[in-house]
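Single-structure report; data block below.
Laboratory data are not the source of any read-out in this text; all were calculated from the coordinates shown. All values derive from a computational prediction rather than experimental measurement. Cβ placement follows ideal geometry from the backbone for every residue including glycine, while neighbour counts extend to all protein chains displayed.
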Amino acid sequence: MALELILMADVEGLGLEGQTVNVTEGYARNYLLPRKLAVPISHAALKRLEKNRQAREARQQNERVAAQALAKAIEQVSCTITVKVGDNDKLFGSVHANDIAEALKAQKIELDRRKIHLADPIRELGVYTVKIKLHPEVEASLKVWVVGE
């Protein structure tokens with residue numbers, strides 16, 4: 001016998017939040033309901049789902065505004081990273097996202113290294129433009145200067 005439930009969160013392989021799905025009693029009783037991933041269809045469940053959706057949209061809007069403000073701050077600064085070089089201006093090692101995050105931290109900009117997108121580590125002296133993805137809808141560019149000691 002199948003139960004009809006409303007998904008309260010995205011469930012991989014089953015559906016997205018807010019969808020109504022038909023699942024077996026065992027799957028509902030042993031997996032979806034205990035983890036609060038789904039609830040039986042009711043007026044109260046629909047109201048709770050709508051309230052959760054509005055709260056999520058408000059939270060995403062606030063995150064987007066904060067990301068846009070941070071993007072403006074990042075666009076106005078440039079980052080200089082000093083590295084040791086050998087003969088012919090050959091770098092000892094390379095510059096990674098961690099190094100860029102540390103240089104930004106020195107300029108009072110807190111940024112997670114995972115938001116800094118480098119295709120490959122920087123292995124030569126020069127000026128580079130690095131993409132920083134702050135939010136799914138907000139991206140910034142940072143000018144990074146790699147200079148030798």
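Per residue, the average separation of C-alpha pairs within less than 8 Å and at least 6 apart gives the chain a relative contact order of 20 percent. With helices as the sole contributors, the chain gives -10000 deg cm²/dmol at 222 nm; each DSSP H run of n ≥ 4 counts as -39500 (n - 2.57), and the sum is divided by every residue. Note on residue 124 and residue 33: the extension gain reaches 27.3 nm, defined as 0.36 nm multiplied by sequence separation minus the Cα-Cα distance. For residue 18, the residues 5 or more places off, or on other chains, whose built amide H falls under 5 Å of its own are 7, 8, 9. Among the listed values (1) 57; (2) 44; (3) 60, the one computed from these coordinates for percent of Cα pairs over 21 Å apart is (3).
Expressed as a fraction of 2.2 N^0.38 Å, the value expected for a compact globular protein of N residues, the C-alpha radius of gyration of the range 2-68 is 1.28.
For the chain, the longest principal axis of the C-alpha atoms and the axis of helix 43-75 are separated by about 10°. For the range 112-126, the residues whose backbone nitrogen is under 16 Å from a point 7 Å from the Cα of residue 133, taken along Cα to Cβ, are 112-120.
Under a Gaussian network description of the chain, with springs only between Cα atoms under 10 Å, the residue in 47, 131, 105 that fluctuates furthest is 47. Can you give me the angle between helix 97-106 and the longest principal axis of the chain, using Cα atoms only, in degrees from 0 to 90, rounded to the nearest 10? Tilt relative to the chain: about 80 degrees.
Selection among 91, 80, 101 by position relative to the dipole of the range 76-148 gives 101 as farthest towards the positive end (Cβ unit charges, Cα centre). About its Cα centre, the dipole of the chain is roughly 520 debye, where the only charges are +1 on Lys and Arg Cβ and -1 on Asp and Glu Cβ.
Each residue of the range 76-148 gets 81 Å³ once the volume of the Cα convex hull is shared out per residue. A Gaussian network model of the chain, with springs between Cα atoms under 10 Å, assigns the largest mean-square fluctuation among 82, 24, 129 to 24. For the residue pairs 90/133; 72/143; 51/133; 108/143; 105/143; 90/143, the C-alpha atoms sit more than 19 angstrom apart in 90/133; 51/133; 90/143. Computed extension gain for residue 58 through residue 1, at 0.36 nm per residue and net of the alpha carbon distance, reaches 16.7 nm. Result for the chain in a Gaussian network model with C-alpha springs under 10 Å: among 53, 29, 113, the largest mean-square fluctuation is at 29.
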